[in-house]
């Protein structure tokens, strides 16, 4: 893990001047991920907020080779680029080290893109796939996805007199990717940049398919002030809603603040502290829906206990 001084001297691979919303976590995550390697990087980017806001014709914020993929096939695109690179190396036409990264949101990963991601992982392509998990289809109007938490109000699961926001719990895509038995899977948060960059650096150093699921607060969809993005990213970890961990060659390991919580060196925070920072959950603090919060807390507690056991606690 490079020091802050060393990171500050690295050339940026994503230029300023993009048109992502103020407070958006996605450019923060991109900069952290790409700072983890000094090798040339080829990027595939699924349709979504990051794509449309960084490449408004005739401008681009990317200082790397960059490919726009359809919503559903960023993994296929980066797999094809990596396969071409391997052929060129075998023919002696390429001898430099190049890294391959795919970026997509939860809509293009949990839902629409999971088939392409699963296939690329099963075939064993040498690439890193990064999911910006902002927990809804933010680019097209804040519709619920299978990553949206229970109780969150979205345009297709609106909280009101009938339902308390989304009724279902999110699918656990990190565990789904771990079940592919690929070399490296990690869960991270931009609130802990040192943990995230270290995981990206580790991923870049490993041959084969790698997956990182990164929570990505969205001020527009989560209904929070633009200046608290990093604070919310930290609260997600401190409540154990979004634990920091890796699965390397099948071995589970907690990292950073999550390890400190498991070791008893840091306090686990109640989920209310996370929910109350976001307008999408404000209805859960009314008399009508207040019973949903203990249900969410119970689910988090159970999942946390299961994860700790997998990590040897």
Between helix 114-123 and the chain: long-axis angle, C-alpha atoms, 0 to 90°, nearest 10 = 40
Project the alpha carbons of segment 155-313 onto their principal axes and report the range along each, largest first, in whole Å.
-> 51, 31, 30
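Sum -39500 (n - 2.57) across every DSSP H segment of at least 4 residues in the chain, then divide by the residue count to get the 222 nm mean residue ellipticity, nearest 500.
-10000 deg cm²/dmol
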Between 0 and 90°, nearest 10: helix 229-238 axis offset from the chain longest Cα axis | 70
Evaluate the relative contact order of segment 4-310 (contact order divided by residue number), counting alpha-carbon pairs under 8 angstrom at least 6 apart; express in whole percent.
-> 16
Sort 113-123, 86-96 for me by packing, meaning the mean count of neighbouring Cβ atoms within 10 Å per residue, highest on top.
-> 113-123, 86-96
Taking a ≥ b ≥ c as the square roots of the Cα gyration tensor eigenvalues, with a/c under 1.5 meaning rounded and otherwise prolate when a/b beats b/c or oblate if not, segment 1-123 comes out oblate
Specify the inter-centroid distance of segment 49-113 and segment 184-226, based on alpha-carbon positions, in whole Å.
-> 17
Based on DSSP, what percent of beta bridges with both residues in segment 29-168 are antiparallel, to the nearest 5?
-> 5
Among beta bridges that DSSP assigns inside the chain, antiparallel share in %, nearest 5 | 30
Overall Cα dimensions of segment 92-185 - principal axes, largest extent first, Å | 65, 26, 16
Helix 292-310 axis, angle to the chain major axis (alpha carbon atoms, nearest 10°) = 50
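Give the average over all directions of the projected area of the C-alpha convex hull of the chain, one decimal, in nm².
One quarter of the hull surface, i.e. the mean projection, equals 16.0 nm².
Values quoted throughout were computed directly from the atomic coordinates according to the rules given, and no laboratory measurement underlies them. As the structure is a prediction and not an experimental result, all values here were calculated from the model. Note that we place each Cβ from the backbone using ideal geometry, even for glycine, and neighbour counts take in every protein chain shown.
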